[in-house]
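The values are calculated or read from the model by the stated rules, or taken from the named source; none is laboratory data. Remember, it's a predicted structure, so these values are computed and weren't measured experimentally. Positions of Cβ are backbone-derived with ideal geometry, glycine not excepted, and every protein chain shown enters the neighbour counts. Just the protein is used for accessible areas: all its heavy atoms, side chains included, with ligands, DNA and RNA removed. Shrake-Rupley method; radii C 1.70, N 1.55, O 1.52, S 1.80 Å.
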Amino acid sequence: MRNAMDRVTLTDLDYIERLHEPLSGVFAKMEEQGAAEHIPIVGTAVGRALHVLVRATGATRIVEVGTAIGYSALWMASAMKGGDIDTIDPDRTRTDRARALWSEAGVGARIRVHSGKALDVLPTLGGPYDLAFIDALKPEYLRYLEHCVRLVRPGGLIVADNVLWSGRVSGSAPDDRPDDTRALREFNAAFVRHAALDATILPIGDGLAVGVRR
Ligand SMILES: C[S@@+](CC[C@H](N)C(=O)[O-])C[C@H]1O[C@@H](n2cnc3c(N)ncnc32)[C@H](O)[C@@H]1O
């Protein structure tokens, strides 16, 4: 089925980005570090979308799976009117850097790092959360989802990044990561038809799954 998205070009996406103020301060620093060191942080468009989703929902309790150097958490924390973020990542080298960068941005007090594997940490969290953001190991996305369904309150959001996986999931690009691709296909099918969610996939960045907890 074809629709208006077929007409969106890279020029259109550049245009949208140029409408915004250029990134500055810690946001720009994180993007530079991520690019220079090939750290897989969310794209700018997804960061902006997370910011707007947090504002729209008034989220004050957020759980994030996959911290890295703290870029997506910074977008969400800077949109919060209060409250805090629990973010999970076993890589202390990255999360120590995230902490320093969050302090520099003035949001350090709002973010708590859980240094462990998500499947070990998620069962220890109580919730309820207003928003969960999934951005770690692709073969584990489905299991993260079931924890997030338990943890997010009715009306809250579950969001997951990379669900189009640079065209591999739809088959529009060669599949050099078949295990991740298979897992994401399973995740996407489960997510959009989940009995506990009203959900869809927004074709921004590398694909952003967004579901409202019923
Ligand atoms: C895509 S990056 C996260 C990027 C971050 N959300 C951002 O946009 O700024 C994925 C992160 O997941 C972390 N990770 C790896 N295994 C994990 C696990 N079992 N549980 C949670 N995080 C994990 C990696 O260390 C990595 O930093």
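Looking for something over 30 Å from Asp96 (Cα atoms) and open to solvent by 40 Å² or more (accessible area, probe 1.4 Å) - is there at least one such residue anywhere in segment 160-170? Steps first, please.
Taking segment 160-170 first, the residues over 30 Å from Asp96 (Cα atoms) are 167-170.
After this cut, where a residue has to be open to solvent by 40 Å² or more (accessible area, probe 1.4 Å) as well, the list is 170.
Scanning segment 160-170, I find at least one residue that is over 30 Å from Asp96 (Cα atoms) and open to solvent by 40 Å² or more (accessible area, probe 1.4 Å), so the answer is yes.
Determine which member of the set Ile111, Ile158, Ile204 is under 18 Å from Pro40 (Cα atoms) and touching a residue at least 24 places away in the same chain (Cβ under 8 Å).
Ile204
Looking only at segment 154-171, how many residues end up being part of a strand (DSSP E or B) and within 13 Å of the ligand (Cβ to nearest atom)? Explain how you work it out, then say what you get.
Step one: list which residues in segment 154-171 are part of a strand (DSSP E or B), which gives 154-161.
Next, only the ones that are within 13 Å of the ligand (Cβ to nearest atom) stay: 159-161.
Within segment 154-171, residues that are part of a strand (DSSP E or B) and within 13 Å of the ligand (Cβ to nearest atom) number 3.
In segment 62-82, how many are away from the ligand (no atom under 11 Å from the Cβ) and under 25 Å from Ala36 (Cβ atoms)? Spell out how you get there, then give the answer.
At the first step, the residues of segment 62-82 found to be away from the ligand (no atom under 11 Å from the Cβ) are 62-63, 77-82.
From what's left, under 25 Å from Ala36 (Cβ atoms): 77-78.
Of the residues in that region, 2 qualify.
I need the helices (runs of 4 or more DSSP H) fully contained in segment 6-61, keeping only those with at least 1 residues that are touching a Ser or Thr at 6+ places or on another chain (Cβ under 7 Å) and either among the hydrophobic types (A, V, I, L, M, F, W, C) or away from the ligand (no atom under 14 Å from the Cβ) (or both). Give the derivation first.
On the way: elements: 10-19, 25-37, 44-57.
Of the helices (runs of 4 or more DSSP H) lying wholly inside segment 6-61, those with at least 1 residues that are touching a Ser or Thr at 6+ places or on another chain (Cβ under 7 Å) and either among the hydrophobic types (A, V, I, L, M, F, W, C) or away from the ligand (no atom under 14 Å from the Cβ) (or both) span 10-19, 44-57.
What number of residues within segment 83-109 satisfy the criterion of being more than 6 Å from the ligand (Cβ to nearest atom) and under 25 Å from Val149 (Cβ atoms)? Working first, answer last.
Going through segment 83-109, the residues more than 6 Å from the ligand (Cβ to nearest atom) turn out to be 83-87, 92-93, 95-109.
Adding the requirement that they be under 25 Å from Val149 (Cβ atoms) leaves 83-87.
Matching residues across segment 83-109 total 5.
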